[in-house]
């Protein structure tokens, strides 16, 4: 049996990497992906705890997270398409004005 | 109907609402129908309720309809109650009110804002009914303020006329002063008894120790404060000033509000809380003195007024003074009795005066009238009856009520009788100025241009109420007659006995036989004085009409003083109004409002702007900088969880 | 070193490497691919933990739908290699520090709590699918319906956003 | 050596199974191409391949050799990594998906081990879900291939395919839900056994009848998932040259090819399992005579092949065909003469494979007859017809099941 703390620490590492990507990357899409990475890390922690505690709530919650992530991806990518269409760039540093 | 007592006040409210909301578009007939039916129905309901009340034979009926205010240990429900006192007031209000409504349909027929007028009038009915039906001081106060409001609206009905608008404001403000005292009184009562419900409060108060003369205990103070409210509402010294000006309003309003019903609210309140007053010698004396003084004072002013309505107004003030005098000497029955009779004949007087004004095409100055008696017979007849009544000529209503008051005053303070004699003198004055009015208006030769003004009798919608009221003022007092003649009890007193039972013994002190003897003598004296007054008036205004002017010239200072109503308004203007204006202009407006409040608010706004201007620069618009901030926040949170020993446990708790 | 442990370490290594390459890759497509690797690895971990259903959903939704959407958008916008600006170069080291601090804190907090979590009952593989379905449709039925609405709204929003305004 | 075998027998068995399955699948693929070309040719009243070997039977071998020995150019400016990754991904996923299919109920007893037909463990509770997961990943092969080869036709193909596959995946998944509800399990074996609840009904116990809607949706969506006619827009020769694999040559192209045919097989297997009772015989279980059907089919077929071989023109054909025919006929005889349980054992795979064959034929048949959709038609069809219908199917099914539970006569 794998100790739960292993899973949790792995999820912590993944989360950290996600955060780093979130700060470090410049492409909107990649930043968005790093958010997904963070979500995944959290999901891992959820499942790990649910398995450790013998309760299924964690897994159910993961399902909800996934659903929300799907919705978020749909809307977010729509927005990204709009940005790319209006500003001809995907670099967040070039997208720092509210008005054009 | 007794179980659904709330219908009685509700009907006028409905009428008011309907007229107020839709009346503007309707023809006057509809508005009339709504107004008359609503008040009439409410009158019928009231009659039915009274019938059931007597059938049930209970001393006091009260019903809790719903909780209105419940806060902590304070609770004021929408409770209505009915006892004999309420019955009297209820019938007077609804009955007279209804008559006056009918009258008004004729009087206001050609006025603009017809629907508005009736909407206000019904609103007034609603509040007045609430006032008389209320079973606790809070609800009563609602009615109290409500009638104040509607009186304000109606006085200022012709709001385009500056004098009218000012009169409305004056009435409102002066009443505020009284209400201020009234509220303080309520607070004090609640503080002392923990309730404002009549039955509970009086039950508690009945057990208290009566407070002797000059002893200012809770009850005394409370009573004085309540009386302050009463003086405001019922136009007693020193707050009477608003009532004469209130004559700016349409005449039916003067009749209904400023003669029959609203102004008697003060008397009603004093009578309603008679138990409190009976427990405080001081309060009673104050009430009696103020009432007596007002009666005399107003009567003197009334002597010289030339405006027909002004005369009536001052007479109203003085009659109200009578009522308070009665209350002051503990004869609440007599007070209420006079209240009722006065409602009849004073309403009649006003309506008749209105009819006169109508006939004269809006002329109110008596010096420009005269000799109308032949032209408008009905008005003349009815008004003459009313005058006899108020002058105290037996066997009309006024005689009995006034007589019982004087008798009570005499009996109450055995030995010295200042109140009694002043009252008597006032009776004389009353008779005088009333007949002066009659002679100036109806009898002497015409002093107006017959070509211009063609005098005409009013329509029956106006005369009908006059006749009814005339009948009432004739028979209104007969209930007390048997007692006077010694052939039976005073039915009115017996009728009210359940309410004032406690109070009456004080009056009935002294042997029965002696009392009756005395009563007859006093009645005779009163009658005599009345006759003297009439005689003087006759001699002055019919025999040799030159005389009054000579008199006026001969005693100029007194005359001018009376003419200017003792300069009371000017006095108030100097003592109260100007300092107040100065205060509000310099301190409240310039200093507090402009400098203080506005300054603070603008300062806050500018501060916010400045801060925003400073912080703005952290908003670079660069997503990743925001991300950095998010991460920093997360780190701080984790640091707290990590370094604060208790927290990690809690986190575990969440994990579990 | 039992079989599960070996599998765990292999998958964990895959996940971490994938995440790192997500950061290091210059081209969004490559980042997306590395992210897919991470997700598949996580699905494997879920299987290892006996959460079969979650694993399947992870791959179907994340791998099969969301990431495809990403790839699709990247292709559609023909996103190129991301360019560097002086600012972005500058942002690296402090960001790294921050993240290290964050990871350290998380790890430490877990290390504190980990022991006690270990003591919890290790009821490993329970028939997750049936149980999950019962929970979703009994205990969590309202949140579930809510998510369905969320999805609907998201679809509409995406359509509204992405459609060219008629001009 | 023996020790190793003893300790990780399971591992060894699995590896052997995988190798075997790979070999079979690849061969079947190869001959599937031959089959397709023949059938289409006959539909179009042509002969099809008939030069290489008798009836062109060696044509697949020739093609294979050609794929191996052709030059393999890499276009300029492609994203190398992805360009190489894509075909691998496609092939790997296709082959993995087939590993989940169970081919028979009963194990073979060998070296004291129970060896089941099919690679996946018996208690793979998420069987169908795993399959869908793999199919879902299948998009990447096409999409990435299209994108990475840095050329407009492939890119269009890739875009089309990714859009198309996502769209039809929904319908695919939803249409199966009905079956899952009826079986109450994701496990493929459970699903098949659920259809055997009433052995006396035979073919009428299959999911096909209650789930006819589901079946239609499923099959259509599956065809779309495999990018086959009439949904082969990603590789629409007439519009996009060859769609996503325009830039691929020789073996990498072959990978895509194999992947496509493998997924065809997988889908056929799925249809069989989901709706056609898997390895169940269409006849009521009480009938034992039908158990000799394999022999009854094999023997005449073998005899015909021998006869056909004797009157074949080339010497090679005269040698090979009779041999083949003899083998087939011999198998048929063997099933009769050998002990009873062999015949019993062969029943399940026989039915399974024959049903799969029918579906493969339908695939080819459609390719021979149907025209291609237009892109917008495709999308409209997927979103506006398939998805709603499959959802309706789910609702109906669940209602019926609920009603049965309520008035429980089932």
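The values are calculated or read from the model by the stated rules, or taken from the named source; none is laboratory data. Worth saying up front: this structure is predicted, and the values here are computed from it rather than measured. In this analysis, Cβ positions are derived from the backbone assuming ideal geometry, glycine residues included, and neighbour counts consider all displayed protein chains.
From D:170, D:117, which residue is away from every other protein chain (no Cβ under 11 Å) and surrounded by fewer than 21 Cβ atoms within 10 Å (Cβ to Cβ)?
Going through D:170, D:117 in turn, just one is away from every other protein chain (no Cβ under 11 Å) and surrounded by fewer than 21 Cβ atoms within 10 Å (Cβ to Cβ): D:117.
Quick one: which of C:35, C:14 is surrounded by 23 or more Cβ atoms within 10 Å (Cβ to Cβ), away from chain D (no Cβ under 11 Å) and touching a helix residue (DSSP H, G or I) at 6+ places or on another chain (Cβ under 8 Å)?
Answer to the check: C:35.
Restricting the search to segment B:442-474, which residues are within 26 Å of residue B:540 (Cβ to Cβ) and surrounded by fewer than 24 Cβ atoms within 10 Å (Cβ to Cβ)?
B:442, B:443, B:444, B:445, B:446, B:447, B:448, B:449, B:450, B:453, B:455
Given the conditions (1) closer than 21 Å to residue A:38 by Cα; (2) over 22 Å from the mean Cα position of the chain (by Cα); (3) modelled with pLDDT of 85 or more, report the number of the one that residue C:97 does not fulfil.
Here residue C:97 clears every test but (3).
Within segment D:26-52, can you find the residues that are part of a helix (DSSP H, G or I), under 16 Å from residue D:62 (Cα atoms) and without any contact (Cβ under 8 Å) to a residue 40 or more places away in the chain?
D:27, D:30, D:31, D:34, D:37, D:38, listed by residue number.
Can you give me the number of residues within segment C:17-32 that are at the interface with chain A (Cβ under 8 Å from one of its Cβ atoms) and touching a residue at least 24 places away in the same chain (Cβ under 8 Å)?
Number of matching residues: 2.
Does any residue of segment B:185-205 turn out to be over 30 Å from residue B:63 (Cβ atoms) and touching a helix residue (DSSP H, G or I) at 6+ places or on another chain (Cβ under 6 Å)?
no
Given (1) under 24 Å from the mean Cα position of the chain (by Cα); (2) assigned to a helix (DSSP H, G or I); (3) under 24 Å from residue B:335 (Cα atoms), identify the lone condition not met by residue B:116.
The single condition residue B:116 does not satisfy is (3).
Is it the case that some residue within segment D:126-137 is within 23 Å of the chain's Cα centre (by Cα) and at pLDDT below 80?
Within segment D:126-137 (the criterion being within 23 Å of the chain's Cα centre (by Cα) and at pLDDT below 80), the answer is yes, since at least one residue qualifies.
Just for helices (runs of 4 or more DSSP H) wholly inside segment B:529-588: which have at least 1 residues that are more than 24 Å from residue B:428 (Cα to Cα) and outside the structural domain of residue B:236 (by TED's automatic domain parsing)?
B:568-572, B:578-582
Picking from A:29, A:80, which residue would you name as being in contact (Cβ under 8 Å) with a residue 60 or more places away in the chain and surrounded by 22 or more Cβ atoms within 10 Å (Cβ to Cβ)?
Sole residue among the options that is in contact (Cβ under 8 Å) with a residue 60 or more places away in the chain and surrounded by 22 or more Cβ atoms within 10 Å (Cβ to Cβ): A:29.
When segment D:138-161 is examined, which residues are found to be facing another protein chain (nearest Cβ under 9 Å) and surrounded by fewer than 24 Cβ atoms within 10 Å (Cβ to Cβ)?
If the condition is that a residue be facing another protein chain (nearest Cβ under 9 Å) and surrounded by fewer than 24 Cβ atoms within 10 Å (Cβ to Cβ), then D:155, D:159 are the ones that fit.
Which residues, taken from segment B:38-69, are surrounded by 13 or more Cβ atoms within 10 Å (Cβ to Cβ), out of contact with any helix residue (DSSP H, G or I) (no Cβ under 6 Å at 6 or more places or on another chain) and assigned to a helix (DSSP H, G or I)?
B:44, B:47, B:48, B:49, B:52, B:53
With at pLDDT below 90 and facing chain C (nearest Cβ under 7 Å) as the only criterion, which of A:58, A:16 stands out?
A:16
I'd like to check which helices (runs of 4 or more DSSP H) are fully inside segment B:245-311 and have at least 2 residues that are farther than 30 Å from residue B:196 by Cβ.
B:251-255, B:281-304
Checking residue D:229 against (1) farther than 20 Å from residue D:383 by Cβ; (2) over 17 Å from the mean Cα position of the chain (by Cα), only one condition comes out false. Which one?
Failed condition: (2).
Filter segment D:48-74 down to residues that are in contact with a helix residue (DSSP H, G or I) (Cβ under 6 Å, 6 or more places away or on another chain) and more than 20 Å from residue D:360 (Cα to Cα), then give me how many there are.
6
Among the numbered conditions (1) within 18 Å of the chain's Cα centre (by Cα); (2) within 14 Å of another protein chain (Cβ to nearest Cβ); (3) buried (at least 23 other Cβ atoms within 10 Å of the Cβ), tell me where residue D:102 comes up short.
(2)
What residue, of B:182, B:141, B:187, is assigned to a helix (DSSP H, G or I), modelled with pLDDT of 90 or more and buried (at least 24 other Cβ atoms within 10 Å of the Cβ)?
B:182
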